[in-house]
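The numbers here are math on the coordinates, done by the rules we state, and not lab data. Note that the coordinates shown come from a computational prediction; the quantities given were computed from them, not determined experimentally. Positions of Cβ are backbone-derived with ideal geometry, glycine not excepted, and every protein chain shown enters the neighbour counts.
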Amino acid sequence: MNKKKNIGIWGFGVVGRSAARYFSAQGFSVQIFEPSWTPLEKKKRTDQKPQTSFTSNLEDFLQNNDKILPSPGIDLRPYKKYQHKWITEVDIIEKNFKKPIVAITGTVGKTSVTHLLSDLLKKNGLKVWTGGNIGVGMLDLLLQKKKIDLAILELSSFQLEQSKKFAPDLAIWTNFSENHLDRHGTIQQYFAAKRKIFEQQKKGQYSILPLSIKGKLEDFQFLSTSLFFSSDYLTEQEPVMRHVKTLFQFLPPSTFFENRLIVSLAAHVISKKLDKKIMNPIKSRQLEHRLEKVGEINGTTFFNDSKSTTPASTLAALQKLSDKPVFLFLGGLDKGINRTPLFDSLEKNIKKLFLFGKQAQELAIIAKKKKHKFEVFYNLDSAFAACLKHIKPGDTVLFSPAGSSFDLFKNYKERGNYFKKLIKKALRHAPCAATTNLNNSSTNRHSNST
C-alpha cells in the first residue's frame, strides 16, 4: 500500500485497536469510525495518536478513505459499492509476514485446537505467536514478527470472507455445520467464506480437512497437499499415521478425540516443515467456557459451556456427558439456524430443559412438539433458581445454550461468567457444597465469532 493513502478503521474493538497500532507505526494517517464512543472517549483516543482522527459520519468515512479495514463483526453486504476499498488482516499478514503461518477455522472446536497446538509447540521449544478470533488482534503479530518462529491464527468466517490473497502454510478446517446464516444468508455462502482458508494455497503448503466435506470440494483443484481426517483415521497404517499415533499420545485425553487427531496431524506437518522433533507431551488445560467443570453443589456437578453458540457444539458437549443424567440450559439467538434437529438428537439422559432468553418461547414450541420436559424463563437468574429446586446428588447441570449470547449479554464470556457467579452465589447458601475452578474472571468486552 502507498503510504500516502488514507486508511480507515471501521470499529475500534480488538481488531480496530490492533490495526491502529500497526498503521500508525507504519506512518499512515488513520481515520476511525466508531459510533458508540462518548465525546470524552473520542478526545482521549485522538489526543493519544495525533495521526489518528475520528469521524461520526459513515458516508464521509467510506468516501474519503482509500482503503478501509472493517471489523469482522460488520455486515458489509449493504455497502457493496465500496467493496474495492476493503482490506483484511489476513491479507496484510500474508504480504508482510514471511515466517510459517498456521490458520485454523471450523464451526466448532477451533479454539480448543488453537490452544492445544500452541501449547504443544511451545512445550517443544518453538516461539509461537497465537492470535485472531481468540481475542488478540492479528496485526500485533507484525510488530513482534522478529521474535517468533511461527504464527497460529484462529479465524472465523467473518475474518476470511473478504480475503483475496491469504495462503497459510498450514490451513486447518476442524468441521462444518450450519452457523451464522443470519449474516451469510445461506449455508453455501457460509461454506464459501470458510473455504477461503485454503483457496489461495500453493504447492509446498498443507491443508487438514474433515473427510465429511470432501464431496463438497470436487470442483476445487488443490495445489497444497491435503490431508483428510475422520474419527477412525488413526486405523490407517501409513508412515504419516505412525508418527501421528505417537503425537496423539502427547495430548491430554480430556479433550475431544477429533481435536487430538487434528492437533497430531498438524504437529506432524509442522515438524516436517521446520525439521523440528516434537517429543514433549503436554498436560490438560481447562479452557474457560468450553465444557468447563465449574464446581459441585451437594453432589450435583455444574459445567459451563457458554462458548457453545451452535447446536453442533451443544451435541458435542452432551456426547461427553452421555453417561450422566443432565439438566440442560438452552437459549440465546439462533443466528438463522434451525434448531429443531437439536431437539431430535437429545439423548434420553436429559432430565429437563431450562429454556431462557428472547427466543425461549420459540424453543418451547419445539420442545413441546418433541415431548421433552422443559420450563421457560426470560432471564438466566430465574432459570438457574428453578434448576436448583430439581437437582439431586449424581445429577449434572450443563450450561450449553446452542445460540449466541447477544439477546442478554455482550458476548459468550460475559454469559459464562454470569452463570459462574450464580453458582458461586448458590454455594454461599449450600454449606455442604464443594466447588472447583471458580474464579472472578473479568469479562472481555468484545465478541468472537465462529
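The protection proxy used here, the mean number of other Cβ atoms lying within 10 Å of each residue, ranks peptides 399-405, 81-87 as follows, highest first: 399-405, 81-87. Across q = 0.07, 0.09, 0.10, 0.14 Å⁻¹, the chain modelled as identical point scatterers on its alpha-carbon atoms has Debye log10 I(q)/I(0) values of -0.38, -0.63, -0.78, -1.39, in the order of the q list. Spin-label pair ILE213-GLN249: with each label point 7 Å from Cα along the Cα-Cβ axis, the two points sit 3.2 nm from one another. For the chain, the antiparallel share of DSSP beta bridges with both residues in that region comes to about 15%.
Between GLN221 and ALA385, the contour length at 0.36 nm per residue exceeds the Cα-Cα span by 53.6 nm.
Full extension of the segment from ASP275 to LYS85, taken as 0.36 nm per residue of separation minus the current Cα-Cα distance, would add 64.4 nm. Note on VAL326, VAL376: ascending count of other Cβ atoms within 10 Å places them as VAL376, VAL326, the fewest first. Protection proxy ranking of 9-18, 109-118, 125-134, by the mean of other Cβ atoms within 10 Å over each peptide's residues and highest first, is 109-118, 9-18, 125-134.
Rounded is the label for the range 90-274, because a/c, from the alpha-carbon gyration tensor with a ≥ b ≥ c as root eigenvalues, stays below 1.5.
Beta bridges assigned by DSSP with both partners in the range 91-185 are antiparallel in approximately 5 percent of cases. Legend: distances between Cα atoms for LYS320/LYS420; LYS110/LYS413; LYS194/LYS283; LYS85/LYS110; LYS123/LYS272; LYS320/LYS351; pairs beyond 23 Å are LYS194/LYS283; LYS85/LYS110. Within a straight-line Cα-Cα reach of under 18 Å, LYS164 can be paired with the following aspartates and glutamates, leaving aside sequence neighbours fewer than 8 residues apart in one chain: ASP66, ASP75, GLU89, ASP91, GLU94, GLU154, GLU199. Every Cα-Cα pair of the range 90-162 was included, and the share exceeding 13 Å stands at 63 percent. In this structure the amide hydrogen of PHE228, modeled in the peptide plane, comes within under 5 Å of the amide hydrogens of LEU209, none closer than 5 places in sequence on its chain.
Indicate the gyration tensor shape class of the range 181-320 (rounded, prolate or oblate), computed on the Cα atoms with a ≥ b ≥ c the square roots of the eigenvalues: a/c under 1.5 is rounded; otherwise a/b larger than b/c is prolate and the rest oblate. Oblate, because a/c is 1.5 or more while a/b does not exceed b/c. With a length cut of 24 Å (Cα positions projected on each helix's long axis) and a Kyte-Doolittle mean of at least -0.5, go through the chain and give me the DSSP H helices that pass. Length and hydropathy pass: 257-274.
With Cα atoms defining each centre, the range 57-127 and the range 203-232 are spaced 22 Å apart in the structure.
Listing GLU161, GLU59 from fewest to most neighbouring C-beta atoms within 10 Å gives GLU59, GLU161. Is there a pair in LYS202/LYS273; LYS348/LYS389; LYS216/LYS371; LYS99/LYS277 whose C-alpha atoms are over 25 Å apart, and which pairs would that be? Those over the limit are LYS216/LYS371. Proximity of backbone amide H atoms, modeled 1.01 Å from N, is registered between ASP169 and ILE101 at under 5 Å, excluding neighbours fewer than 5 places apart on the same chain.
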